[in-house]
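A.B. asks: Dropping the structure in here first, questions after.
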């Protein structure tokens, strides 16, 4: 692991798995926690291989890329219905797959019909992918195979499907800090990113599970400036203390 040495960084504890807040703070003056999220996808064959190309998360982020094509939404959370209604802004061909959420309540079914969204109930058996793989990247989606109770199930053509994966912001390093946590597992901070434990700061998804790239980067910049200001104050105080000792004060 040569790159950290380029920035005068030292890897301790045998990698992330061996790190703890106490170990880091034993060698550093402050600790800034900046982990990301782990997306837990639906347990559907093809989901992992399609993630980022045929299987997408946010209609606002990716809707334009797949506009005016056959699209779908896999029911994975309470936000899935809203995703299906929202996705109609980008295509007239939208199918909602409740998947394991079960039958769609009549009021929700009426809203989907009024919006022009087709509903295909039953567990999603597979995301059917094309036979090619571009340079090892995500594979293109061809159809959604649904177990609708018929002998072979139903294959619904789709070029992309959206789902809301479970976001896991948990981290052994975060847990080892002893900082105050919110109900979602994120660290409670002030407006600068300072946590409840001394010399510990949190940014990105350690402090906000919903933080996206741009907002997370902005928050990290603000915290970095604040931490550097604290370091300067600590340096000045140390110089003053050393000078006082030299004067015999």
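A.B. asks: I'm checking my understanding of the structure. Among residues of region 168-190 that are crowded, with 18+ Cβ neighbours inside 10 Å and in contact with a helix residue (DSSP H, G or I) (Cβ under 8 Å, 6 or more places away or on another chain), which one is modelled with the highest pLDDT?
C.D. replies: If we take residues in region 168-190 being crowded, with 18+ Cβ neighbours inside 10 Å and in contact with a helix residue (DSSP H, G or I) (Cβ under 8 Å, 6 or more places away or on another chain), then 187 is modelled with the highest pLDDT.
A.B. asks: Related question: Is there a residue being in contact with a helix residue (DSSP H, G or I) (Cβ under 8 Å, 6 or more places away or on another chain) and more than 17 Å from residue 34 (Cα to Cα) anywhere in region 144-159?
C.D. replies: Yes, region 144-159 has at least one match.
A.B. asks: Right, something else. Would you point out the residue of region 204-216, among those that are surrounded by fewer than 15 Cβ atoms within 10 Å (Cβ to Cβ) and outside any loop (DSSP other than H, G, I, E, B), that is modelled with the lowest pLDDT?
C.D. replies: 213
A.B. asks: If you check 159, 230, which single one turns out to be in contact (Cβ under 8 Å) with a residue 24 or more places away in the chain, within 30 Å of residue 120 (Cα to Cα) and either surrounded by 15 or more Cβ atoms within 10 Å (Cβ to Cβ) or outside the structural domain of residue 64 (by TED's automatic domain parsing) (or both)?
C.D. replies: When all the criteria are applied, what remains is 159.
A.B. asks: Test of understanding: among 9, 92, which residue is outside any helix (DSSP H, G or I), at pLDDT 90 or above, surrounded by fewer than 12 Cβ atoms within 10 Å (Cβ to Cβ) and out of contact with any strand residue (DSSP E or B) (no Cβ under 6 Å at 6 or more places or on another chain)?
C.D. replies: Checking each option against the conditions leaves just 92.
A.B. asks: Look through 81, 141 and report the one residue that is more than 19 Å from residue 45 (Cβ to Cβ) and either buried (at least 18 other Cβ atoms within 10 Å of the Cβ) or free of Cβ contacts under 8 Å to residues at least 24 places away in the same chain (or both).
C.D. replies: One residue alone meets the criteria, 81.
A.B. asks: Counting only residues that are over 13 Å from residue 116 (Cα atoms), in a loop (DSSP other than H, G, I, E, B) and over 16 Å from the mean Cα position of the chain (by Cα), how many does region 71-89 have?
C.D. replies: 2
A.B. asks: Under 6 Å by Cβ, and 6 or more places apart or on different chains, what pairs join a residue from region 97-120 that is in the same structural domain as residue 70 (by TED's automatic domain parsing) with one that is part of a helix (DSSP H, G or I)?
C.D. replies: 108/81; 115/85; 117/84; 119/112
A.B. asks: Applying the selection to region 208-226, what residues are out of contact with any helix residue (DSSP H, G or I) (no Cβ under 6 Å at 6 or more places or on another chain) and more than 21 Å from residue 28 (Cα to Cα)?
C.D. replies: 208, 209, 210, 212, 213, 214, 215, 217, 218, 219, listed by residue number.
A.B. asks: Touching a strand residue (DSSP E or B) at 6+ places or on another chain (Cβ under 7 Å), outside the structural domain of residue 103 (by TED's automatic domain parsing) and modelled with pLDDT of 85 or more: does that describe residue 194?
C.D. replies: yes
A.B. asks: If residue 201 passes every condition in (1) surrounded by fewer than 16 Cβ atoms within 10 Å (Cβ to Cβ); (2) modelled with pLDDT of 90 or more; (3) not in a helix (DSSP H, G or I) but one, which one does it miss?
C.D. replies: (1)
The values are calculated or read from the model by the stated rules, or taken from the named source; none is laboratory data. Everything quoted here is computed from the prediction, not taken from an experiment. So basically every Cβ, Gly included, is an ideal-geometry build from the backbone, and we count neighbours across all protein chains shown.
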